[in-house]
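Colleague: Take a look at the following structure, please.
Only the coordinates and a few stated rules stand behind these numbers; no lab work does. Since the model is a prediction, treat every value here as computed from it, not as a measurement. Every residue, glycine as well, gets a Cβ built from its backbone with ideal geometry; the counts of neighbours run over all protein chains shown.
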Amino acid sequence: MNDISASNGREGCDIAVRQVPPVYSCRMDRKKLGRIISTVAFPAAIATIVVVAVLLRADIARVFSSRVAFQAWIDGFGAYGPLIFCGVQVFQVIVFVVPGEVAQIAGGYLFGTVAGIVYSVIGIAAGSAFNFYLSRTLGIAFVEGLFRADRVEKFESIISSPRARVGFFLLFLIPGIPKDILCYVAGLSRIGFFQFLGISMSGRLPGIIASAVIGSAAAQSNWTVTIIVTAAALLLFLLGVIFRKPLQLLVERITARRE
């Protein structure tokens, strides 16, 4: 009887031992994958883009030499011109070294205010969705590999807050706060995908509208509107940069309140 009990005990232990390693291994593999992508694959992709840009610098310079040349380049794609522009927006969101405002202004410049806003929203939403799912799939090791652990930790209180949705909306809304990290950090929170998409795009929309207005006004040589809106946007951006830390602390206090 004792032999049977001992055998059952050993068998149960063997089963437990056999069950634990796959789960642990799965978590470790995911963590390793996130680190590999953030430290090797992502920088390699950016380096490749830089090399290609250097090799094609003459063609790129020719395309962006004037409004007419840039317009002709987009028109050369025919009906696919808006699709190419949306692709550019997706690219600038994912490869966050490219300033988003430049592409947004170009949208208004090329397609007018309304169409520029629509195409920018589509492209930015697609890029944001990709970053969100990438972060949610690969986890915190990947995000910390991209942005450093201390930068991610600054958003820890917002991530864990029951009012995280309010916090992320305010952070996306405030000019001067980097939006690149927010999509990745949101993927670490409990926010649902469609909630994230609605929150992020609602917060970004005023900036997208202003950029499209600047581009459209410049295309029509309406320099009064161009200068006024540009000056207002720059002022808000500078205020956001100067008061970034106090604004982030304010958002943290708001999200820390009980509903």
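Colleague: What list do you get for SER211, SER135 if you sort them by fewest beta carbons within 10 Å?
Modeller: Ranked by crowding around the Cβ, least crowded first: SER135, SER211.
Colleague: For segment 56-256, compute the orientation-averaged projected area of the C-alpha convex hull (one quarter of its surface), in nm².
Modeller: 11.9 nm²
Colleague: Still on this model: Starting with the fewest neighbours, write out THR113, THR255 ranked by other beta-carbon atoms found within 10 Å of each beta-carbon.
Modeller: If I rank by nearby Cβ atoms, fewest first, I get THR113, THR255.
Colleague: Further question on the same structure: Picking from ALA256, VAL152, LEU134, whose Cα lies most toward the positive end of the charge dipole for segment 120-259 (charges on Cβ: Lys, Arg +1; Asp, Glu -1)?
Modeller: Farthest towards the positive pole: ALA256.
Colleague: Here's something else I'd like to know. Rank these for me by crowding, SER189, SER202, SER221, going from fewest to most other beta carbons within 10 Å. Don't skip to the answer; put the middle values down first.
Modeller: On the way: SER189 21, SER202 12, SER221 7.
So the ranking, lowest neighbour count to highest, is SER221, SER202, SER189.
Colleague: Could you give the nm distance between label points at SER221 and PHE77, where each point is 7 Å from its Cα heading toward the beta carbon?
Modeller: Each label point lies 7 Å from its Cα, and together they span 2.8 nm.
Colleague: Only Lys, Arg, Asp and Glu count, each charged at its Cβ (+1, +1, -1, -1), so figure out the dipole size of segment 135-185 about its Cα centre, rounded to 20 debye.
Modeller: Here segment 135-185 has a charge dipole of around 180 debye.
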